[in-house]
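Student: Below: one structure in structure tokens.
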Amino acid sequence: MVVSAVLMLTCAAAAQVARAINIHQLTGEEVHQLEAHAQMGNARAMAIVGIAYADGLGVSKDIKKGLKWLMKSSHNDEVAQAFLGQMYLRGENVPKDLVQARAWFGRSAALGNLNGQFNYASMCFNGDGGAQDVDTAAKYFEIAAREGHAPSQQMIGRMYQFGRGVVQDAEQSLHWYQAAAAQNYPPALFALGAAYLDGSLGKRDEAQGVRYLERAAGLGDWTAALRLANLYLNGEAVAQNETEAYKWFAIARELSGADSNPSTSTLAEKMKPTELTVATQEVSQWNALHFPGK
């Protein structure tokens with residue numbers, strides 16, 4: 001279950017102050033201490049205890065108990081609302097229900113939860129759990145983007161690029177893509193690479209485009225590796241180089257988890273043994289550099 005790694009708890013007792021809690025490192029003793037605060041009516045404590053029991057964090061998993069605390073806190077706690085949204089979205093411990101998921105994410109989004117805002121915007125954008133609503137999607141993607149949420153920055157960048165829910169604006173699109181790319185968010189790096197290659201955002205720079213694709217691939221984006229493979233295969237934006245094409249096709253295959261890649265096999269048949277050896281070595285070196293220990 002994806003939740004914020006660190007949550008803030010405002011303790012009921014005046015002698016205690018707000019403290020940061022890493023929910024993934026909760027101990028049983030901490031959960032029971034929080035449960036005491038939950039029983040005194042602290043909504044955030046209820047939410048954390050509910051998540052702990054629902055996911056078995058620090059305590060034995062107890063879905064019934066987890067849901068009890070989550071529902072109690074859900075009237076005014078955006079973390080509980082976002083967590084319930086995730087449960088219904090994925091069908092984890094409750095029947096999958098996109099309508100319920102969208103409703104919970106919407107409530108959480110309205111209270112300022114970044115996870116709620118992104119998921120609510122995504123469901124509105126895709127028309128999941130209700131009618132498609134690109135205007136609301138754009139609103140909440142941009143709100144979360146302004147708080148530094150990289151996936152939301154990438155999505156609002158995409159909406160400005162294509163004029164979905166907002167007036168088409170290449171400058172705004174570049175701004176948000178670059179903000180997400182600065183956080184090394186692979187989809188934004190890929191989007192920038194593609195945009196610089198084809199000039200779709202008004203600034204054609206093929207060398208820059210290739211660099212963005214290489215960064216995205218280095219962070220595990222197999223689609224970026226595949227795009228690079230085709231660039232080298234066809235001699236677009238780079239000099240045609242079948243050895244480099246083979247390397248990137250092989251990297252794309254490994255990143256995607258595919259068992260095979262017809263393009264790799266075809267190129268291997270055409271290449272000289274020495275070229276194939278060099279390409280294979282380059283794949284191993286690239287993997288060792290970007291994913292050591294894999």
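The values are calculated or read from the model by the stated rules, or taken from the named source; none is laboratory data. This is a predicted model, so every value here is computed, not measured. Neighbour counts are summed over all protein chains in view; Cβ atoms, including those assigned to glycine, are modelled from backbone coordinates with ideal geometry.
Student: Limited to region 137-171, what total is found for residues that are surrounded by 18 or more Cβ atoms within 10 Å (Cβ to Cβ) and of a type outside the set (A, V, I, L, M)? Full working, then the answer.
Tutor: At the first step, the residues of region 137-171 found to be surrounded by 18 or more Cβ atoms within 10 Å (Cβ to Cβ) are 137-145, 149-161, 165-166.
Pick out the ones that are also of a type outside the set (A, V, I, L, M) and you get 139-142, 149, 151-154, 157-158, 160-161, 165.
The qualifying residues number 14.
Student: What are the pairs, 6+ residues apart or on separate chains, where a residue within region 178-195 that is of a type in the set (S, T, N, Q) has its Cβ under 9 Å from a residue that is part of a loop (DSSP other than H, G, I, E, B) and surrounded by fewer than 21 Cβ atoms within 10 Å (Cβ to Cβ)?
Tutor: If the second residue must be part of a loop (DSSP other than H, G, I, E, B) and surrounded by fewer than 21 Cβ atoms within 10 Å (Cβ to Cβ), the pairs left are Gln183/Gly148; Asn184/Leu219.
Student: Sticking with this one: Kindly provide the set of residues from region 207-246 that are aromatic (Phe, Trp, Tyr) and closer than 11 Å to Leu197 by Cα, ordered by number. Break it down into steps so the answer makes sense when it comes.
Tutor: Let us first name the residues in region 207-246 that are aromatic (Phe, Trp, Tyr), namely 212, 222, 232, 246.
Within region 207-246, just Tyr212 meets the criteria.
Student: Among what's in region 203-224 and is of a type in the set (Asp, Glu) and part of a loop (DSSP other than H, G, I, E, B), pick the residue that is farthest from Lys247 (Cα to Cα). Show your work before the answer.
Tutor: First, pick out the residues of region 203-224 that are of a type in the set (Asp, Glu): 205-206, 214, 221.
After this cut, where a residue has to be part of a loop (DSSP other than H, G, I, E, B) as well, the list is 205, 221.
Values: Asp205: 23, Asp221: 15 Å.
So the residue we want is Asp205.
Student: Condition (residue is assigned to a helix (DSSP H, G or I), modelled with pLDDT of 90 or more, among the β-branched types (Val, Ile, Thr) and over 19 Å from the mean Cα position of the chain (by Cα)) applied to region 18-39: is it met by at least one residue?
Tutor: Yes, some residue in region 18-39 is assigned to a helix (DSSP H, G or I), modelled with pLDDT of 90 or more, among the β-branched types (Val, Ile, Thr) and over 19 Å from the mean Cα position of the chain (by Cα).
Student: Give Ala131, Ala101, Ala121 a once-over and let me know the one that is modelled with pLDDT of 95 or more and in contact with a Leu (Cβ under 6 Å, 6 or more places away or on another chain). Show your work before the answer.
Tutor: Numbers: Ala131 fails: in contact with a Leu (Cβ under 6 Å, 6 or more places away or on another chain); Ala121 fails: in contact with a Leu (Cβ under 6 Å, 6 or more places away or on another chain).
The match here is Ala101.
Student: Quick one: which helices (runs of 4 or more DSSP H) sit completely within region 47-135 and have at least 2 residues that are in contact (Cβ under 8 Å) with a residue 60 or more places away in the chain and surrounded by 24 or more Cβ atoms within 10 Å (Cβ to Cβ)?
Tutor: Passing ranges, in order: 78-90.
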